[in-house]
Amino acid sequence: MTEKQQESWEQRDLAHIWHPCSQMKDYETLPPMVIDHAKGPWLYDIHGKKYLDIVSSWWANLLGHCNPEINEAIKEQLDSLEHVIFANFSHRPAIELAERLAEITPDRINKFHFNDNGSSSVEAALKMCFQFYHQTGKPEKQRFMCLTEGYHGETIGALSVGSMDLFAKMYQPMMMDNIHVQAPDCYRCPYGKDREHCQCECFEHAEKAFAEHAHETAAMIVEPLLQGSAGMRIYPPLYLKKLRALCDKYDVKLIADEIATGFGRTGTMFACEQAGISPDVMTISKGLTGGYLPMSVTCVSDEIYDAFYADYGEGKAFPHSHTYAGNPIGCAAALAVQKIMKEQHILETAAENAKWLTAELQKAFAHHPNVGEIRHIGLIHAIELVKDPAMKEPLDAKKRTGYAIYKKALERGLVLRPLGDILYFNPPLNITRDELSTAIELAHESITDILPE
């Protein structure tokens with residue numbers, strides 16, 4: 001046996017791989033779990049240990065790992081076409097997917113620009129809105145508005161319309177100067193309201209920003225109803241409805257970043273539906289291919305598309321491309337996802353399971369002395385841990401309580417990756433109640449290990 005063969009897979013990983021969103025020194029005490037295979041919501045490592053993937057592998061795995069129908073669609077596509085340049089060329093899976101997206105996206109949306117990851121779709125959206133106003137007689141509209149605590153990706157443009165210091169602070173000198181609007185904070189509402197009984201008094205911050213900056217603003221980008229990386233912060237549909245009206249009043253394009261919220265995560269196909277609004281631009285990824293393959297789409301209105309449609313010599317085309325745009329294998333996976341969603345009534349079943357999960361989590365955690373709020377939208381449920389629920393004071397971040405609970409959960413076979421001290425469930429939409437019960441039990445044991453009741 002060679003020296004390399006004698007090394008563990010974990011050692012071989014750490015010899016060369018720089019893992020994302022990680023302090024690699026942490027891997028000295030928590031080495032990577034090398035996964036051998038997966039099925040449904042379960043991951044199995046090379047040692048035979050299984051883990052319940054309650055976070056859907058970064059919110060992307062929509063219908064379970066190694067879903068047989070998605071697998072079959074990919075295998076079938078592989079035998080006919082793996083990839084082709086998407087400039088001047090096309091293929092059946094992309095055409096059929098665009099037709100399907102036109103059926104399920106909000107009313108204004110009718111054109112689809114294919115990219116290869118979520119951040120890329122946001123970059124395209126920003127550039128489209130910037131160029132739209134340049135080509136329609138308002139070149140002064142060059143800036144963007146976004147919500148504080150928002151997250152839209154890791155590329156420089158996407159970071160520039162995000163507001164989380166964890167991701168963006170280091171790179172401020174590289175970023176665009178955008179307008180950051182105070183976001184709704186329904187758990188710690190400064191107006192003394194709650195998300196079920198308010199008129200979105202906090203919307204005054206958006207009104208003030210638009211009054212001051214709309215003349216120079218091309219677009220406002222938001223995560224509709226759910227600010228995921230901020231800790232699964234949920235705000236009312238009324239806020240989104242008011243924002244659509246404000247954008248129309250001031251001629252500012254509305255970009256709905258549905259990368260994390262789309263395809264049933266919030267209980268409807270897209271979160272915008274719950275507010276009864278249609279954005280000018282919508283970005284989608286993650287669940288688009290069921291978490292199988294990197295693919296994203298920037299979805300736009302005819303109004304925006306038409307501003308780029310001209311004779312070549314006018315220089316109005318959109319000069320933006322990605323090598324793997326419109327990949328046929330990704331499109332085949334996405335079409336399989338839509339077929340399953342429709343034929344197996346996934347949204348309806350998930351909605352019933354969401355109600356049940358809310359009740360079960362309340363039973364398990366509502367009386368814990370460090371649980372401040374259990375919030376939910378669709379199957380997404382978040383447990384915010386605090387020092388004292390009455391005061392809503394956060395735990396000491398330096399103690400990394402959420403990370404300690406995460407490690408305990410891994411020991412028990414549950415992937416409960418935290419957002420600071422906020423623990424959350426964001427499972428595949430077809431997870432069973434038995435599997436959810438297992439997750440609740442393991443989460444409860446892990447939390448009480450670190451924070452006794």
Report summary line: Rounded to a whole number, the Stokes-Einstein D of segment 309-372 in µm²/s (Kirkwood radius over Cα pairs; 10 °C; 1.306 mPa s) is 94
Report task. Work out the count of Lys pairs in segment 1-143 where the Cα-Cα distance is under 15 Å, with the pair 8 or more places apart or on different chains. Result -> 4
Query raised in the report: So, counting K/R as plus one and D/E as minus one, what does the shell of residues with Cβ under 11 Å around ASP26 add up to?
Result: +2
Report summary line: Filtering GluC sites (Glu not before Pro) in segment 1-90 by DSSP loop and by at most 15 other Cβ atoms within 10 Å leaves GLU7, GLU82
Query raised in the report: Going from the alpha-carbon gyration tensor of segment 293-337, what semi-axes, largest first and in whole Å, does one get by taking the root of 5 times each eigenvalue?
Result: 27, 13, 8
Report summary line: Answer in debye to the nearest 20: the dipole magnitude of the chain about its Cα centre, from +1 Lys/Arg and -1 Asp/Glu charges placed on Cβ, is 440
Query raised in the report: Hey, what D do you get for segment 308-453 in µm²/s if you plug the Kirkwood alpha-carbon radius into Stokes-Einstein at 20 °C and 1.002 mPa s?
Result: 118
Requested in this report: Under 10 Å from the Cβ of LEU442, count the other residues' Cβ atoms, weight Lys and Arg +1, Asp and Glu -1, and hand me the total.
Outcome: -1
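Subtracting the Cα-Cα distance from 0.36 nm times the residue separation, let me have the gained length for ALA102 to THR349 in nm, one decimal.
So the extension gain works out to 86.5 nm.
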Query raised in the report: Between LYS339 and ALA211, how many nm apart are label points set 7 Å from Cα along the C-beta direction?
Result: 5.5
Query raised in the report: Which whole-angstrom value gives the distance between the alpha carbon centres of segment 142-175 and segment 271-294?
Result: 20
Report summary line: the chain: antiparallel bridges as % of DSSP beta bridges, rounded to 5, reads 70
Query raised in the report: Given the alpha-carbon gyration tensor of segment 119-212, what are the semi-axes of its equivalent ellipsoid in whole angstrom, ordered largest first, with each equal to the square root of 5 times an eigenvalue?
Result: 27, 18, 11
Report task. Along each of the three principal axes of the Cα atoms of segment 240-371, give the extent in whole Å, ordering the values from largest to smallest. Result -> 67, 41, 30
Requested in this report: Please express the shape of the chain as an equivalent ellipsoid: the semi-axes are the square roots of 5 times the eigenvalues of the C-alpha gyration tensor, given largest first in whole angstrom.
Outcome: 35, 29, 21
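With every protein chain present, what is the per residue accessible area of the chain (1.4 Å probe, Å²)?
Details: 21120 Å² over 453 residues.
Here the per-residue accessible area is 47 Å².
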Query raised in the report: How big is segment 1-126 by Rg and Dmax over its Cα atoms, in Å?
Result: 19.8, 62
Report task. Would you work out what percent of the accessible area of segment 27-153, with all protein chains in place, is carbon or sulfur (probe 1.4 Å)? Result -> 53
Query raised in the report: When the Kirkwood hydrodynamic radius is evaluated over all pairs of different C-alpha atoms of segment 239-280, what value in angstrom, to one decimal, is obtained?
Result: 10.6
Query raised in the report: What residues of segment 381-401 lie in the reach of a label at HIS444, counting those whose backbone N is under 16 Å from a point 7 Å from the Cα along Cα→Cβ?
Result: 383
Query - Partner lysines for LYS392 [C-alpha distance under 17 Å; skip if fewer than 8 residues away on the same chain] - result: LYS193
Query raised in the report: Going by average Cβ neighbours within 10 Å, how do the peptides 11-24, 150-163 rank, with the highest at the top?
Result: 150-163, 11-24
Query raised in the report: Which three extents, in whole angstrom, do the alpha-carbon atoms of segment 19-71 cover along their principal axes, largest first?
Result: 40, 24, 17
Report summary line: Using the Kirkwood radius over Cα pairs of segment 271-348, the Stokes-Einstein translational diffusion coefficient at 4 °C and 1.567 mPa s, in µm²/s and rounded to a whole number, is 86
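The values are calculated or read from the model by the stated rules, or taken from the named source; none is laboratory data. This is a predicted model, so every value here is computed, not measured. Here the Cβ is made from the backbone with ideal geometry for all residues, glycine too, and neighbour counts use every protein chain on show. Accessible surface areas use protein heavy atoms only, side chains included; no ligands, DNA or RNA. Shrake-Rupley method; radii C 1.70, N 1.55, O 1.52, S 1.80 Å.
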